[in-house]
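Note sheet for the following structure.
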Amino acid sequence: MTVTALKKEQFVKFVLTVFALSSLLFLFLIFAFILIEGLPLFHKAGLKNIIFGLKWAPTKGLFGIFPMIISSFLVTFGALLIGGPMGLSCAVYLSEYSGKKMKMLLKPALELLAGIPSVVYGFLGVIYIVPLVRNFLGGSGFSLLATSIILGIMILPTIISISFDSIASVPKSFREGSLAMGATKWQTLYKVVIPAAKSGIMAGFILGMGRAIGETMAVIMIAGNALKIPTGILDPLRTLTGNIALELAYATGDHRQGLFSTGVVLLVIIMALNYIANFWIKKKRLN
Amino acid sequence: MIQMTRLFYIFIFLVTMTAISCSREGTGDKDDASTITIAGSTSVMPFTEKLAEYFMLDHPDFVINVQGGGSTAGVQACLNRTVDIGMSSRNLKDDEKTLNTITICNDGIAIVVHPNNTINNLTLEQIRDIFNGRIKNWKDLGWIDRRIDAVTREEGSGTRGSFEELVMNKMEIDDGIMVQDSNGSVKEIIATDPYAIGYISLGLLDKRVKGLAIDGIAPTVENIKNGSYLIVRPFLFITNGTPGEKVRLFIDYVLSNDGQTILKKEGLIDIM
Amino acid sequence: MRIKPGNIDKLARIGFNILSFFTVGILVVIISIICVKGFSNINLEFIFSSPEDMGRHGGIFPSIMGTIFLAALSIIFATPLGLGTAIFLTEYTKESVFTKIIRFGVESLAGIPSIIYGLFGFIFFVIKLGMGWSLLSGVLTMTIMILPTIIRTSEEAIKAVPKNLRIVSYSLGATRWETVTKVVLTSAVPGILTGIMLSIGRVVGETAAVIFTMGSSLRLPTSLMESGRTMAVHFYILAREGISMDKAYATALVLVLSITAINILAYYIMNKVVSRYS
């Protein structure tokens, strides 16, 4: 190589290194600014008062987000309850029972479902699910139930695709061995295949959880955004994400810092969920 | 085949350029345009938009950008000089008083229910108790046995601030009540949920919701003008210092006969 | 009385069938509702005219353009950054602590929810850097948001290129950069394009991060510092405020059609890769 070619290579490597470092830079910036804005309040108002405080009234100096933490988790578990079994069944169907034609129909259908923006889900939820809940079950319809239903539908593609990958990658020999010993397809499924795909399925569920907890637009349209911990599935609730989105535009000073503190808590929870999910995925790969 | 990537970039570039030039044709040469940016209260915003639409018909060289964000955001943007005019649906707090305020009109706050709701009148105490959580069922007010679905605005909203000041009078709004972040979305809930109750800008009253009389006084423009309906708040235009020439032109229009007539038609209370 | 395993098996099969059709059914219902209710309101005027009376009448042209601007500019910024990172990680370094840290950074960015991006973009670009609600704030925020996707898909695409090609190129005397651009990338282009398409789809459908950075002005942004709406933001405001159900459905239809078209394009490109290598 000539000297200029060498210099060019060095230059290229330098530029690419800078580009690669940019991801770290952005991550750092995001964490830095969210923390800069969010941490002071933890100091001022007290960590316990914020995380375990029951009352959110920022204009009066109260920053308790405990009801919202609970609500975020409630809504997420609700979504898993609704989307989990359906999603898993779909994944099983895709992998074990469907023919090529069905696969070609279902896969793009799932991509489409995943591509629909969350505001559209929220809108349809308000127009159709909320009145359904109100007329048949009571309350205003803006409830834990309605939110769980819509979120459950929204996380279906995530759960289905990850579970499917997991189940499909269980070696054929497992199935054949089980069938050779006289088990039915169903017995093979729930005693051999699914346990073997367990880590991947868990990862899918946890990623679905992450998606549900981080969802904002659909939730603020359907959940009712009340500040109390819901006492029943027909009660309205407010999630951490909803809190930020509802009040960010209006907030100043301590109020705004309170919203950033909410963001810090949200970030911690979601990052934790993501690392757990990645851990399960890697575990699956090792197996 | 590296050409493909290059081609793709060129394509994107062309699309963007075409799009930008297309838009230029619409608004004429940008150097001639006078731009006014306005941001703030979501209550004031639709009316400002309307005024801007009419103003720009007569002054095609003007471009007026109207944003929401909330009364407080509008005031902040004004303090930071990131907008020409801030909109507010509440009075300025003490630490904001350095700004220049112009009242463009007044707006009533109406307590609204679904048209099918048989109740037409409530006392101020009853309204307070509903939003305070003491009264939870419509049967305690003379209607059917059904839980009251009350809706309020979010903390920091100018409308909520005025509601708390003029109606709640130091009593707190209950935690279990639903919250929505704009007049329009509150109205949507009231219009679709027969058991709902909330408060919205008087200017938004129409056939889809029913405004309740408070202590016998109906929420009408006349009753506000004659002083009998007391739940009223000012709509403010806020500027940082005296407004410049172009901004003054728009403000004068809003305060003129034409502007005030438009606002009156929308259900607001003019200040002529 | 014990149920025969064979019957349970049949039940299971039927059960799975039902649940799967139910899932597809949900999609069909969603798409049908949007199509049926939105179709009657879509015409050329809707696409090319501006909204009047807060969106009660008129069209959504400014929002369409806002969406195109935001997506195009975000891609223009994110692709070199993302592709460069992917090339760096695959071609220029061996797996080490350094690459692990960078991957950690990318994975973490990928996991951050959109409202946090909105929060960050708001405090950093809109407030601290003083850009205000503007196209630029939106573009910069979305660039960071789609970066992980571009990095991931590019990496996959580059890794899929057979090692032989590289070996042959080096043996012919090419430098590393020449090999990367002339050999590896040219083969990986379809996979990279797929990633770009997916990211465009994400930008088009995003609302929370956009509304707090780009704002929600109804006018068409004629410069980077002006605010504007994307279709998703416009739809959200129409729907939430109950301004016009008709226009809301119509906007939703345009929105969903755009994303579908982008996804189909991505699929088409992906299939070209599969057919080329098989």
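Over the Cα atoms of region A:117-252, each weighted equally, I'd like the Debye log10 I(q)/I(0) at q = 0.10, 0.18, 0.22 Å⁻¹, rounded to two decimals.
Per q value, in the given order, log10 I(q)/I(0) is -0.48, -0.93, -1.17.
Of the cross-linked pairs A:LYS44/C:LYS128; A:LYS60/B:LYS93; A:LYS8/C:LYS163, which ones have a Cα-Cα span greater than 18 Å in the structure shown?
A:LYS44/C:LYS128; A:LYS8/C:LYS163
For the protein assembly as shown, what is the charge dipole size about the Cα centre, in debye to the nearest 20, if Lys and Arg each add +1 at the Cβ and Asp and Glu each add -1 at the Cβ?
It comes to approximately 4020 debye.
Please list, in chain and number order, the residues 5+ apart from C:GLY59 or on another chain whose amide H is under 5 Å from its amide H, with Hs placed from the backbone.
Sorted by chain and number, the residues that satisfy this are C:SER49, C:SER50, C:GLU52.
Using a 10 Å cut-off around each Cβ of peptide A:183-191, what is the average number of partner chain Cβ atoms that fall inside?
For peptide A:183-191, the averaged partner shielding equals 4.
Could you bin all the Cα-Cα distances of region A:164-221 into 10 Å bins starting at 0 and give me the percent of pairs in each, rounded to whole numbers?
Here the calculated profile for region A:164-221 is 22, 36, 20, 15, 7, 1.
Sort chain C into rounded, prolate or oblate with this rule: let a ≥ b ≥ c be the square roots of the eigenvalues of the Cα gyration tensor; rounded if a/c is under 1.5, and if a/c is not under 1.5, prolate when a/b is larger than b/c, oblate otherwise.
oblate
What chymotrypsin sites (Phe, Trp or Tyr not before Pro) in region B:94-168 are in a loop by DSSP, with at most 13 other Cβ atoms within 10 Å of the Cβ?
Nothing satisfies the criteria.
What whole-number volume per residue, in cubic angstrom, does the convex hull of the C-alpha atoms of region C:120-245 give?
Expressed per residue, the convex hull around the Cα atoms of region C:120-245 is 132 Å³.
Give the calculated FRET efficiency between A:LEU62 and B:ASP145 to the nearest 0.05, with a Förster radius of 25 Å applied to their Cβ-Cβ distance.
Step by step, r from the Cβ atoms, then E = 0.15.
In what order do B:LYS265, A:LYS100 fall by count of nearby beta-carbon atoms within 10 Å, going from fewest to most?
Ascending number of Cβ neighbours within 10 Å: A:LYS100, B:LYS265.
For region B:108-232, what ratio Rg/Rh do Cα atoms give with a Kirkwood hydrodynamic radius?
0.92
Would you work out which of B:CYS105, B:LEU124, B:THR37 lies farthest towards the positive end of the dipole of chain B, given +1 charges on the beta-carbon of Lys and Arg and -1 on that of Asp and Glu, about the Cα centre?
The listed residue farthest towards the positive side: B:LEU124.
What does the convex hull of the alpha-carbon atoms of chain A project to on average, in nm²?
One quarter of the hull surface, i.e. the mean projection, equals 22.4 nm².
Can you give me the long-range amide H partners of B:ASN137? Hydrogens built in the peptide plane at 1.01 Å from N, cutoff under 5 Å, separation of 5 or more residues or another chain.
Sorted by chain and number, the residues that satisfy this are B:ILE148.
Return the distance in nm (one decimal) between the two label points of a simple spin-label model at B:ASP206 and C:PHE98, each offset 7 Å from Cα along Cα→Cβ.
Those two pseudo-labels are separated by 6.3 nm.
Alpha carbons only, please: Rg and Dmax for the protein assembly as shown, in angstrom.
Answer for the protein assembly as shown, Rg first and Dmax second: 28.3, 94 Å.
Over the alpha-carbon set of region B:139-181, work out the extent along each principal axis and list the three values in angstrom, largest first.
33, 21, 15
Peptide A:216-226: average number of partner chain Cβ atoms within 10 Å per residue?
Partner-chain Cβ atoms within 10 Å, mean over residues of A:216-226: 6.
What is the order of A:VAL18, C:VAL254, fewest Cβ neighbours within 10 Å to most?
A:VAL18, C:VAL254
Could you calculate, for chain B, the ratio of the Cα radius of gyration to the Kirkwood radius, expressed as Rg to Rh?
The Rg/Rh ratio comes out at 1.08.
Amide H to amide H, which residues 5 or more places from B:THR152 or on other chains are under 5 Å from it, using H placed in the peptide plane?
B:MET178, B:VAL179, B:GLN180
Mind sorting C:ARG2, B:ARG147 by how few other Cβ atoms lie within 10 Å of their own Cβ, fewest first?
The most exposed by this proxy come first: C:ARG2, B:ARG147.
As a test of understanding, state the convex hull volume per residue of region C:46-89 from its alpha carbons, in Å³.
Per-residue hull volume (Cα only) is 65 Å³.
Which whole-percent values make up P(r) of region A:1-126 when all C-alpha to C-alpha distances are grouped in 5 Å steps starting at zero?
Result returned by the calculation: 2, 7, 8, 10, 9, 10, 11, 11, 10, 9, 7, 4, 2, 1, 0.
Sorted from largest to smallest, which semi-axis lengths in Å does the alpha carbon gyration tensor of region C:59-162 give for its equivalent ellipsoid, taking the root of 5 times each eigenvalue?
Here the semi-axes work out to 29, 17, 10 Å.
Using alpha carbon centroids, what distance separates region A:236-271 and region C:1-74, in Å?
Rounded to whole Å, the Cα centres lie 30 Å apart.
Of all DSSP beta bridges in the protein assembly as shown, what percent run antiparallel (nearest 5)?
Of all bridge pairs located within the protein assembly as shown, approximately 60 percent are antiparallel.
So what is the calculated 222 nm ellipticity per residue for chain B, using -39500 (n - 2.57) for each DSSP H run with n of 4 or more, over all residues, to the nearest 500 deg cm²/dmol?
-11000 deg cm²/dmol
Which whole-number percent gives the relative contact order of region A:215-286, counting Cα pairs below 8 Å spaced six or more residues apart?
The value is 23 percent.
Please compute the average number of Cβ atoms from other chains found within 10 Å of each residue's Cβ in peptide C:119-129.
6
With 14 Å as the cut-off, how large is the P(r) tail for region C:203-278, expressed as percent of Cα-Cα pairs?
Value for region C:203-278: 68 percent of Cα pairs lie more than 14 Å apart.
Just so you know, all these numbers are worked out from the coordinates, no wet-lab data involved. The model shown is predicted, which means the values in this text are computed figures rather than measured ones. Glycine gets a Cβ as well: all are built from the backbone with ideal geometry, and neighbour counts include every protein chain shown.
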